[in-house]
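Take a look at the structure below.
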Amino acid sequence: MITVEEARKLLLDLVTPVDTEQVPLAQAARRVLAADVAATRDQPPFAASSMDGYALKSAEVERHAMLKVIGEAAAGHRYGGQVGAGQAVRIFTGAPVPDGADFVVIQEDVERKGDLITIRNHPGDKSNIRPAGADFRVGQIISSPRILRPEDIALLAAMNTPVVPVRRKPVVALISTGDELVMPGEEPGPDQIIASNTFGLKAMFEEAGAHVRLLPIARDTRGSLATALDLASGADLVVTVGGASVGDHDLVGDVTSGLGMERAFYKVRMRPGKPLMAGRLNGTAMVGLPGNPVSAMVCGHIFVLPMLQKLLGLNPQVNFHRATLAAPLSANGPREHYMRATVENGQIIAFGDQDSSLLSILAQANALLMRPPDDPALAEGTQILYLPL
Ligand code: AMP
Ligand code: MG
């Protein structure tokens with residue numbers, strides 16, 4: 001059996017970044033920027049006032065000085081003339097500072113009577129002028145790859161970028177397998193349960209930037225599974241759930257071998273999630289996740305999310321955080337163990353029951369506490385690594 005790290009490496013070898021597309025800026029949030037974008041203008045494009053007040057010459061700024069107001073500059077409407085000695089221009093936030101002026105006295109420091117202003121309070125040293133290009137200059141770059149946050153979108157807009165080069169959303173085909181499964185909302189028979197894994201995984205993969213195709217549940221027959229795999233064609237990644245262990249009804253390995261899958265591995269030394277298989281089927285990456293609901297979700301985090309990151313042109317990574325054990329832990333076995341846990345203020349505590357079927361505990365957890373293989377018993381206060389959920 002291979003290690004989690006080895007499995008992840010083999011899985012990443014199965015995929016390459018998808019191609020890119022252009023999307024309108026208004027649709028670019030949360031997408032992955034696929035090429036550097038350069039500003040096509042300076043911002044601000046002119047020296048601009050940062051306050052409402054009066055633009056004048058800094059040499060004339062002193063208490064009791066009296067100046068004549070010769071015009072007005074508002075945002076979007078510059079004052080075309082020149083500011084001379086003894087003169088001021090009424091100015092508003094965002095307006096271009098008129099030629100000849102290099103200081104804005106805020107209106108609170110001024111008393112105005114008709115066309116005359118008197119500086120009443122000492123205006124201080126701050127000019128209240130934003131120089132041209134203070135925010136960014138032509139050619140300044142937003143670098144790729146990155147997931148575009150609202151903050152990046154605002155900057156792209158200011159840089160005058162109406163369309164944005166992003167990675168196409170990788171298409172993931174998701175297949176549940178099992179005679180016992182029905183879809184949520186259907187009436188289950190007495191021996192049936194609701195398919196939950198594919199819904200949790202769909203949410204997880206879509207949050208990571210994928211487009212997920214939820215295929216019909218494959219029954220535990222070779223024909224049904226082959227049909228589902230056929231429906232998956234065209235996807236960038238095919239993910240099956242269940243049917244991957246060694247029971248009589250676990251057909252995923254058999255059927256995919258029959259269809260010519262080049263298998264990369266089968267079984268990983270981890271808990272939960274030992275029966276994980278992967279390979280390439282007709283040129284497409286395929287991952288067979290275990291059926292136990294918690295195993296499927298944990299394997300989604302540990303293995304599939306890094307694959308999606310690579311498909312999206314991002315640097316694949318699993319970011320562990322550190323916390324302090326708030327309760328002791330018994331020794332771990334030979335497999336890397338991901339334990340459902342809650343972490344708060346840097347203190348982490350694992351749930352007592354780690355059975356891989358318990359979704360209710362997964363839903364209460366906000367962390368997966370990672371135990372390396374053969375980790376000895378740990379005392380309260382020990383530093384450990386975890387993945388946030
Ligand atoms: P299997 O790997 O097919 O033997 O499934 C292991 C366990 O996970 C069984 O108890 C299945 O009923 C359950 N299971 C498999 N697939 C799903 C699914 N999509 N949703 C919920 N439970 C599942
Ligand atoms: Mg099954």
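Among the listed residues LYS267, LYS310, identify the single one that is charged (D, E, K, R) and within 16 Å of ligand 1 (Cβ to nearest atom). Steps first, answer last, please.
Numbers: LYS310 fails: within 16 Å of ligand 1 (Cβ to nearest atom).
So the residue among LYS267, LYS310 that is charged (D, E, K, R) and within 16 Å of ligand 1 (Cβ to nearest atom) is LYS267.
Test VAL69 against the stated conditions and say whether it is surrounded by 15 or more Cβ atoms within 10 Å (Cβ to Cβ) and under 19 Å from the mean Cα position of the chain (by Cα).
no
If you scan segment 251-308, which residues turn out to be touching a Cys at 6+ places or on another chain (Cβ under 9 Å) and more than 18 Å from LEU358 (Cβ to Cβ)? Outline the logic, then answer.
Keep residues of segment 251-308 that are touching a Cys at 6+ places or on another chain (Cβ under 9 Å), which gives 268, 270, 272-273, 276, 287, 289-290.
Hits for segment 251-308 are VAL268, LEU276, VAL287.
Could you tell me which of the residues ALA132, ALA88, ALA101 is at pLDDT 95 or above, on the phi < 0 side of the Ramachandran plot and assigned to a strand (DSSP E or B)?
That would be ALA88, the only listed residue that is at pLDDT 95 or above, on the phi < 0 side of the Ramachandran plot and assigned to a strand (DSSP E or B).
Yes/no matrix, rows are residues, columns are (1) at pLDDT below 95; (2) within 12 Å of ligand 2 (Cβ to nearest atom); (3) in the same structural domain as LEU305 (by the TED database); (4) touching a Ser or Thr at 6+ places or on another chain (Cβ under 9 Å):
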| site | (1), (2), (3), (4) |
| --- | --- |
| PRO162 | no, no, no, no |
| ASP179 | no, yes, yes, yes |
| PRO188 | no, no, yes, no |
| ALA195 | no, yes, yes, yes |
| GLU207 | no, no, yes, no |
| ALA210 | no, no, yes, no |
| ALA228 | no, no, yes, yes |
| ASP236 | no, no, yes, yes |
| THR256 | yes, no, yes, yes |
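For segment 252-276, which positions are of a type outside the set (Val, Ile, Thr) and either surrounded by 23 or more Cβ atoms within 10 Å (Cβ to Cβ) or assigned to a loop (DSSP other than H, G, I, E, B) (or both)?
Across segment 252-276, the qualifying residues are LEU259, GLY260, MET261, LYS267, ARG269, MET270, PRO272, GLY273, LYS274, PRO275, LEU276.
Would you mind listing the strands (runs of 3 or more DSSP E) fully within segment 157-251 where at least 3 residues are within 12 Å of ligand 1 (Cβ to nearest atom)?
Numbers: elements: 163-167, 171-176, 211-214, 237-241.
In segment 157-251, the matching strands (runs of 3 or more DSSP E) lie at 171-176, 237-241.
If ALA75 satisfies all but one of (1) surrounded by fewer than 16 Cβ atoms within 10 Å (Cβ to Cβ); (2) more than 16 Å from MET51 (Cα to Cα), what's the number of the condition it fails?
(2)
Are any residues in segment 84-99 surrounded by fewer than 17 Cβ atoms within 10 Å (Cβ to Cβ) and touching a Phe, Trp or Tyr at 6+ places or on another chain (Cβ under 9 Å), and if so, which ones?
Residue satisfying the conditions is ASP99 alone.
For segment 12-28, state whether one or more residues are at positive phi and at pLDDT 95 or above.
Checked against the condition, which is being at positive phi and at pLDDT 95 or above, segment 12-28 yields no hits at all.
Pick out the one residue from ASP152, ASP135 that is in contact (Cβ under 8 Å) with a residue 60 or more places away in the chain, touching a helix residue (DSSP H, G or I) at 6+ places or on another chain (Cβ under 8 Å) and away from ligand 1 (no atom under 16 Å from the Cβ). Spell out the reasoning first.
Details: ASP152 fails: touching a helix residue (DSSP H, G or I) at 6+ places or on another chain (Cβ under 8 Å).
Among ASP152, ASP135, only ASP135 is in contact (Cβ under 8 Å) with a residue 60 or more places away in the chain, touching a helix residue (DSSP H, G or I) at 6+ places or on another chain (Cβ under 8 Å) and away from ligand 1 (no atom under 16 Å from the Cβ).
Give me a count of the residues in segment 39-61 that are in a loop (DSSP other than H, G, I, E, B) and without any contact (Cβ under 8 Å) to a residue 60 or more places away in the chain.
Summing the residues that are in a loop (DSSP other than H, G, I, E, B) and without any contact (Cβ under 8 Å) to a residue 60 or more places away in the chain in segment 39-61 gives 2.
Residues to consider are SER143, SER127; find the one that is under 30 Å from ASN315 (Cβ atoms), touching a residue at least 60 places away in the same chain (Cβ under 8 Å) and hydroxyl-bearing (Ser, Thr, Tyr).
Step by step, each of SER143, SER127 is checked, and only SER143 is under 30 Å from ASN315 (Cβ atoms), touching a residue at least 60 places away in the same chain (Cβ under 8 Å) and hydroxyl-bearing (Ser, Thr, Tyr).
Would you check which residues across segment 148-160 are out of contact with any Ser or Thr (no Cβ under 8 Å at 6 or more places or on another chain) and either buried (at least 16 other Cβ atoms within 10 Å of the Cβ) or of a type in the set (S, T, N, Q) (or both) and list them? Show your work before the answer.
Step one: filter segment 148-160 for residues out of contact with any Ser or Thr (no Cβ under 8 Å at 6 or more places or on another chain), giving 148-158.
Within segment 148-160, LEU148, ASP152, ILE153, LEU155, LEU156 meet the criteria.
Within the set of pairs 6+ apart or on separate chains, which have a first residue in segment 289-314 that is under 24 Å from VAL18 (Cβ atoms) and away from ligand 2 (no atom under 16 Å from the Cβ), a second that is part of a helix (DSSP H, G or I) and among the charged types (D, E, K, R), and C-beta atoms under 7 Å apart?
PHE303/ARG8; PRO306/ARG8
Being loosely packed, with under 14 Cβ neighbours inside 10 Å and of a type in the set (Lys, Arg) narrows it down to one residue among ARG63, ARG31; which is it?
After applying the criteria, what remains is ARG63.
Quick check on segment 130-140: of everything there that is surrounded by fewer than 17 Cβ atoms within 10 Å (Cβ to Cβ) and in contact with a strand residue (DSSP E or B) (Cβ under 6 Å, 6 or more places away or on another chain), which residue is farthest from LEU312 (Cα to Cα)?
The extreme case among them is ASP135.
The values are calculated or read from the model by the stated rules, or taken from the named source; none is laboratory data. Predicted model, so just to flag it, every value in this text is computed and none were measured. Heads up, the Cβs are rebuilt from the backbone with ideal geometry, glycines too, and the neighbour counts pull from every protein chain shown.
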